[in-house]
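Below: the structure, in structure tokens.
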Amino acid sequence: MHEIVIVGGGHAGVQLRGALAAAGHGARVHLVCEEPVLPYQRPPLSKAYQKRADEALQWHRGETWFAEQGITLHRGDAAAAIDRTARTVTLSGGCVLGYEWLVLATGTRARRLPQLPQRLANVHVLRSAGDAERLRAAWPTAASLTVLGGGFIGLEVAATARALGNAVRVLETAPRLMQRSVSPELSAHVLEVHRASGIDLRTGISIGGFEVRGDRLVSVQAGDERLAVDALLLGIGAVPEQALAEAAGLPCDNGIVVDEQMRTADPAVLAIGDCASFPEPTTARRLRLESVQNANDQAKAAAATILLMPQAYRALPWFWSEQGSIRLQMAGLAPADGERYRRPGATPTSTAFRQTDYK
């Protein structure tokens, strides 16, 4: 038994299968994807994909590439159970895959509000191609959009909706935008730019009092004001997809617990990307990062482990966000004490965090 089973068709999973194929191991790889489509680029879902009804998904690779590399692609057939003793993965369609190595790249799911029914016609999340298609289909009839959450996804969609001519309102309970990710100066700059574009953006506001009629959310209480809702996006973060790992008895702590070489408590099972809780290189405190860079670099570390050339994951985290006219690039993690510095001659909006050396 020499198969390598990768569960997840996001950036981490496809980066890993590419690294293994480049090393001549493509014929050993089974890539298990819950979605029925080919693995695709996710960042455009909140931007370019929303702006045009005929905008297509951007594939990581065409179908012929998988065949040429000998990779077996299981589309629309999610992993349902892991038997670590037998070293098998059972798919929802009944197929049983044996493995020498199993890699969980299951990603995250959108965080929802327990006060709201799961399926309301005008309430949206944005994690998958299906979510993006549903949101895009709403634009012709949704004159306005309310966004709960002033993080990256919420602000990206808000800027896109405003560019399409929609009235947009963003409600953030924290005192400033992107509070966990950027400096106060950058938060203030982004707030100013979005407000100048016509977005009604409110921070430090309490949210509740959801009024539902039939299959629609009709209003929400924001502070002391009752606001009508035409369409609403929940941009309140994501939670790791770890149920499969938990059912298999693997430790989880806001993600699937791994070591610096991406190994779980079972040395034959790895976890990478948005679902992985890994030790930060200098403090050993556990982190779970949601970024393309983190997914790609952890996939490289996992490939090294599988190829018996293990190396510690020590990549410098970096993030980017496109919000209308704003392009944000961030390197490193925001320190708890808020320490930051500016290069001589830099503008207030180029404030950077002082970073730990990861090399």
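The values are calculated or read from the model by the stated rules, or taken from the named source; none is laboratory data. Keep in mind it's a predicted model, so treat the numbers as computed, not measured. Here the Cβ is made from the backbone with ideal geometry for all residues, glycine too, and neighbour counts use every protein chain on show.
Count, please, the residues in the stretch 279-312 that happen to be part of a loop (DSSP other than H, G, I, E, B), under 18 Å from residue 242 (Cβ atoms) and basic (Lys, Arg).
Going through the stretch 279-312 one residue at a time, the tally reaches 1.
Report whether or not residue 273 is closer than 30 Å to residue 252 by Cα and at pLDDT 95 or above.
Yes, satisfied.
In the stretch 106-139, which residues are surrounded by fewer than 18 Cβ atoms within 10 Å (Cβ to Cβ) and in a strand (DSSP E or B)?
109
Find the residue count for the stretch 162-177, including only residues that are buried (at least 17 other Cβ atoms within 10 Å of the Cβ) and touching a residue at least 40 places away in the same chain (Cβ under 8 Å).
So the count comes out to 3.
Do we find a residue being in contact with a Leu (Cβ under 7 Å, 6 or more places away or on another chain), without any contact (Cβ under 8 Å) to a residue 40 or more places away in the chain and within 22 Å of residue 191 (Cβ to Cβ) anywhere in the stretch 277-294?
no
If you take the residues of the stretch 8-44 that are under 16 Å from the mean Cα position of the chain (by Cα) and of a type in the set (A, V, I, L, M), which of them is modelled with the lowest pLDDT?
14
Of (1) of a type outside the set (A, V, I, L, M); (2) at pLDDT 95 or above; (3) at negative phi, residue 149 satisfies all except one. Which?
Result: residue 149 passes all but (3).
Taking only the stretch 90-105 into account, find how many residues are surrounded by fewer than 18 Cβ atoms within 10 Å (Cβ to Cβ) and either part of a strand (DSSP E or B) or in contact (Cβ under 8 Å) with a residue 40 or more places away in the chain (or both).
Here the count works out to 4.
Give me a count of the residues in the stretch 212-254 that are over 30 Å from residue 146 (Cβ atoms) and touching a Ser or Thr at 6+ places or on another chain (Cβ under 6 Å).
Within the stretch 212-254, residues that are over 30 Å from residue 146 (Cβ atoms) and touching a Ser or Thr at 6+ places or on another chain (Cβ under 6 Å) number 2.
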